[in-house]
Amino acid sequence: MNSCLMCGSRVSEFISFGPMPVANGFLTPEEFAQERFFPLNVGLCTTCKMVQLMERVDPGTLFHEGYPYFSSTSRSMSDHFQAFAGLVKVEYMDPADPFVVEIGSNDGIMLQHFAVASIRHLGIEPSTNVARVGMAKGINTVCEFFDQDLARSILDEYGPVDAFLGANVMCHIAELDSVLAGIKLLLKPEGVLIFEDPYLGDIVEKTSYDQMYDEHIFYFSVTSLGHALEKHSLELVDIMPQKVHGGSMRYVVAHRGARPVSPSVTAQCAREDALGLGLVETYERFSRSVEGSRKELMALLHDLKGQGKRVVGYGATSKSTTVTNFCGITEDLVEFISDTTPDKQGRYTPGAHIPVRPYQEFLADYPDYSLLFAWNHAEEIMANEQEFQNAGGKWIVYVPKVQVL
Ligand code: SAH
Ligand code: TYD
């Protein structure tokens, strides 16, 4: 029996993607033989409603000195984090002696806005290669995994925190209880934890099953998160839906009773009830939609191959590892995947072993179709690729449904 990481009750598995490689484990042909695969199964805790991975990969295997995800590769994400930092500066910092901490600070996409304003800050980033990029921008960074022990040493060295921030990282940490206990310890009496992650409601509604991969251990809802916070005497005081990453939720958390609770929190819980986010049947339906999506995408790709069309992938995302391996997409259907990240170029995608090539190769010889693996950046990408479209190029997307645009 699988026990819930948050409350210890039984977790009911609703989807199995089969063995998967490390989602960000881009590799060279010499490494193919040693590639490791792990089960990717997702379940719902019917007690506290937390959706979570049934088995997990050791964090050291995922986050290390060669982590290939650099946050600053998207213009719209840079704008997003500038706005996020601006909100925190205005609304949540004590002007007397402000101190902000960010977990999973990566290349400094958010903290750079505090550093330039000479605000006391600390980034916590265990992947040393991306952390170094942040440090070169003048961001004070500690290269460790955050937990309760690290929280104690931060408190000793720097004192308490006004705003503890996180984006696309809280859902990555199986030891969420230790993280929350550490944050509880660090926050000033009026301090806040503000973080955002892909939102479960969007994943279910849009069948964005590619959000499910080894790094994403939790798929939060307002309801499940509320339960997780309770035992740490923390409380959700506000929520703010975000467009990024296909639909995310930003959560504002404070010490219990320290701040008024916005009515939006209870309203969202009611919406989640109406959507059935706590019910096994909802996920059984989701699982059937995923199967339907796989069949449609494969039928389309085989059809295009039959017509002799060239298909190239756009964006070697972590999400694409789930899609290519689950659907069985290999180089015979998708010639290569174009990506702007130098650390991914010249390597091969995990499991499916599709070549990752520099973006310039996409530009130099437009394919007939481009399979948009970075669909969450569709607005930015399609605006940039007017010429591809003018030349007759078409997009294939699979979220919320398989279609050619
Ligand atoms: N916040 C950035 C990066 C998200 S990727 C953004 O939204 O773009 C997740 C990051 O969290 C990685 O850089 C990873 O190294 C880091 N991370 C993973 N586990 C962590 C932990 N326990 N403590 C701090 N950072 C962690
Ligand atoms: P993203 O969708 O942010 O994340 P994840 O890995 O979590 O699924 O990844 C975007 C990837 O797409 C990243 O490798 C950079 C690449 N990319 C491009 O190649 N061109 C672009 O215009 C953009 C926005 C991203």
Residues satisfying the stated conditions in segment 9-25, i.e. closer than 27 Å to K344 by Cβ, part of a loop (DSSP other than H, G, I, E, B) and open to solvent by 20 Å² or more (accessible area, probe 1.4 Å): V22, G25
Among the numbered criteria (1) open to solvent by 50 Å² or more (accessible area, probe 1.4 Å); (2) touching a Leu at 6+ places or on another chain (Cβ under 7 Å); (3) away from ligand 1 (no atom under 12 Å from the Cβ); (4) farther than 22 Å from T73 by Cα, which single criterion is violated by H121? (1)
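Does D177 satisfy the condition of being assigned to a helix (DSSP H, G or I) and within 29 Å of D94 (Cα to Cα)?
Details: assigned to a helix (DSSP H, G or I): yes; within 29 Å of D94 (Cα to Cα): yes.
Yes.
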Breaking point among (1) within 25 Å of I381 (Cα to Cα); (2) open to solvent by 20 Å² or more (accessible area, probe 1.4 Å), for V312: (2)
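Yes or no, residue by residue, for (1) assigned to a loop (DSSP other than H, G, I, E, B); (2) of a type in the set (D, E, K, R):
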{"residue": "E31", "(1), (2)": "no, yes"}
{"residue": "L40", "(1), (2)": "no, no"}
{"residue": "K49", "(1), (2)": "yes, yes"}
{"residue": "H80", "(1), (2)": "no, no"}
{"residue": "D97", "(1), (2)": "yes, yes"}
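This table checks each residue for (1) touching a residue at least 60 places away in the same chain (Cβ under 8 Å); (2) buried (at least 23 other Cβ atoms within 10 Å of the Cβ); (3) in the same structural domain as P39 (by TED's automatic domain parsing).
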{"site": "L200", "(1), (2), (3)": "yes, yes, no"}
{"site": "E205", "(1), (2), (3)": "yes, no, no"}
{"site": "D210", "(1), (2), (3)": "yes, yes, no"}
{"site": "S221", "(1), (2), (3)": "yes, yes, no"}
{"site": "E230", "(1), (2), (3)": "no, no, no"}
{"site": "V237", "(1), (2), (3)": "no, no, no"}
{"site": "K243", "(1), (2), (3)": "no, no, no"}
Only residues that are closer than 23 Å to S74 by Cβ and out of contact with any helix residue (DSSP H, G or I) (no Cβ under 8 Å at 6 or more places or on another chain): list them for segment 330-342, please. P342
Matching residues in segment 152-169 (more than 11 Å from ligand 1 (Cβ to nearest atom) and either open to solvent by less than 10 Å² (accessible area, probe 1.4 Å) or of a type in the set (D, E, K, R) (or both)) number 8
Have a look at D162, D210, D197, D214 and point out the one that is in a helix (DSSP H, G or I) and not hydrophobic (A, V, I, L, M, F, W, C). D210
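Would you mind finding the one in L363, L333 that is surrounded by fewer than 17 Cβ atoms within 10 Å (Cβ to Cβ) and under 20 Å from L405 (Cβ atoms)? Step through it out loud before you land on a result.
Details: L333 fails: surrounded by fewer than 17 Cβ atoms within 10 Å (Cβ to Cβ).
Every option except L363 fails the conditions.
Report whether or not H172 is under 24 Å from S71 (Cα atoms), away from ligand 1 (no atom under 11 Å from the Cβ) and open to solvent by 20 Å² or more (accessible area, probe 1.4 Å).
Spelling it out, it is not the case that H172 is under 24 Å from S71 (Cα atoms), away from ligand 1 (no atom under 11 Å from the Cβ) and open to solvent by 20 Å² or more (accessible area, probe 1.4 Å).
Select from segment 335-352 the residues that are charged (D, E, K, R) and more than 16 Å from ligand 1 (Cβ to nearest atom) and list them in ascending order.
To start, the set of residues in segment 335-352 that are charged (D, E, K, R) comprises 335, 339, 343-344, 347.
E335, R347 - these are the residues of segment 335-352 that are charged (D, E, K, R) and more than 16 Å from ligand 1 (Cβ to nearest atom).
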The residue from L40, L44, L62 that alone is within 16 Å of ligand 2 (Cβ to nearest atom), within 30 Å of F14 (Cβ to Cβ), in the same structural domain as H377 (by TED's automatic domain parsing) and modelled with pLDDT of 95 or more is L40
What are the residue pairs meeting all of these: first residue in segment 151-180, first residue on the phi > 0 side of the Ramachandran plot, second residue more than 11 Å from ligand 1 (Cβ to nearest atom) and open to solvent by less than 10 Å² (accessible area, probe 1.4 Å), Cβ atoms under 9 Å, and 6 or more apart or on different chains? G159/F99
Flag if M93 is touching a Gly at 6+ places or on another chain (Cβ under 7 Å) and away from ligand 1 (no atom under 13 Å from the Cβ): no
Under the condition of being among the charged types (D, E, K, R) and over 20 Å from L193 (Cβ atoms), which residue from segment 74-112 is least open to solvent (accessible area, probe 1.4 Å)? D107
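The values are calculated or read from the model by the stated rules, or taken from the named source; none is laboratory data. Nothing here was measured: the structure is a model prediction, and the numbers come from that model. Counting neighbours? That spans all protein chains shown, and the Cβs are built from the backbone with ideal geometry, glycine included. For accessibility, only protein heavy atoms count, side chains too; no ligands or nucleic acids. Shrake-Rupley method; radii C 1.70, N 1.55, O 1.52, S 1.80 Å.
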